[in-house]
Amino acid sequence: MYLEPNKRRSALRTDIREDIRREAGEDGGGGDFYSPFWADAKAHVFGGPDLRESTAERIAANDRRSNLYPQLRDGFLSWWDERRRWTNLPFNPGRKLKARFQFPEFDAVVKIDNILTVVDGNGDEHVVYSYFAPEPALSADAARLGLWVLTQAFPAVPPSELRILDIIRGNTFSIDRTPLTGEEEIELRARYARLVVERDNLRAEYE
């Protein structure tokens, strides 16, 4: 939604071509590019292998990771090491959270999963949603819409404990620093509707 117009069209075309391949029964393969990194980052948080070592092993196993994985590693550690500076107490896993946010009018579902939930030494649970994309950088406006979705998806989580982490840049967004305006649902649906129209128009070129 927040890519520059030419890059957004390019991303939509890539998505359309992948859809066409799936419809033809072709398997894109490869799995989720970011999942191995995120699994390693979470293990690092809870006292597992050091993320620097894990990242080196991932790159050795697949050199396609040699560009983005070091950026993700450095961004994540700049954020996490800053948190660790304030306590020597261990962090423990919190609840396993996942949800589905529906747009019935668009016949679309946003899946929200693989969240980092951390319980600190005081027993407080912190919920962190990961933003992996190298571009665009996560803006306050985009994060505000994302935070609103998280409040809707996880009503049992105090909004003050929700975070979105732009991993590459080591930057977090929270409701106290990026307050909701009350217009998030309207804005999100309008942006999504425009994206659907743009994608449908591009898809017509492939018919």
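Accessible-area rank, largest first, for Ser35, Ser160: Ser160, Ser35, with all protein chains present and a 1.4 angstrom probe.
Roughly how many whole Å is it from the C-alpha centroid of region 78-101 to that of region 12-72? After rounding, the separation between the Cα centres reads 21 Å. In the chain, a dipole from Cβ-located charges (positive for Lys and Arg, negative for Asp and Glu) runs towards its positive end, and of Ala140, Ser66, Ser174 it is Ser66 whose Cα lies farthest in that direction. The length gained by stretching the chain between Asn201 and Ser66 to full extension, at 0.36 nm per residue less their Cα-Cα distance, is 45.1 nm. Over all projection directions, the Cα-based convex hull of region 152-207 averages an area of 6.1 nm². Among Leu12, Ile115, Pro155, whose Cα sits farthest toward the positive end of the charge dipole of the chain (+1 at Cβ of Lys/Arg, -1 at Cβ of Asp/Glu, about the Cα centre)? Selected residue: Ile115.
Model label points for Arg17 and Arg85, set 7 angstrom from Cα along the Cα-to-Cβ axis, are 4.4 nm apart.
To make sure I understand the rule: partners must be lysines, Cα under 27 Å from the Cα of Lys98, and not fewer than 8 residues away in the same chain. Which ones qualify? Within reach: Lys42, Lys111.
Here region 145-192 and region 118-143 have alpha carbon centers that stand 9 Å from each other.
When every alpha-carbon pair in region 55-131 is counted, what percent end up more than 21 Å apart? I get 52 percent for the Cα pairs in region 55-131 exceeding 21 Å.
Let me know the shape class of region 100-158, please: from the alpha-carbon gyration tensor, a ≥ b ≥ c as square roots of the eigenvalues, rounded when a/c is under 1.5, otherwise prolate if a/b is greater than b/c, or oblate. Since a/c reaches 1.5 but b/c is at least a/b, the shape of region 100-158 is classed as oblate. Taking the helices alone, the chain has a mean residue ellipticity at 222 nm of -15000 deg cm²/dmol, built from -39,500 (n - 2.57) per DSSP H run of at least 4 residues and averaged over all its residues. Measuring nothing but how far apart in sequence close Cα pairs (under 8 Å, 6+ apart) lie, relative to its length, region 100-147 scores a relative contact order of 20 percent.
How many percent of the accessible area of the chain is carbon or sulfur, using a 1.4 Å probe?
Working: 5870 of 11980 Å².
Answer for the chain: carbon and sulfur cover 49 percent of the accessible area.
Taking Cα centre as origin and charging only the Cβ of basic (Lys, Arg, +1) and acidic (Asp, Glu, -1) residues, the dipole magnitude of the chain rounds to 240 debye. Measuring how big the chain is from its alpha-carbon positions, Rg and Dmax come out at 18.5, 59 Å. In the chain, Cα pairs under 8 Å separated by at least six residues give a relative contact order of 19 percent.
Over the chain, accessible surface divided per residue gives 58 Å², non-protein components excluded, 1.4 Å probe.
The values are calculated or read from the model by the stated rules, or taken from the named source; none is laboratory data. A quick note: this is a predicted structure, and the numbers were derived from the prediction, not measured. Methodologically, a virtual Cβ is constructed for each residue, glycine included, from the backbone with ideal geometry; neighbour enumeration extends over all protein chains shown. Ligands, DNA and RNA are excluded from the accessible area calculation, which covers all protein heavy atoms including side chains. Shrake-Rupley method; radii C 1.70, N 1.55, O 1.52, S 1.80 Å.
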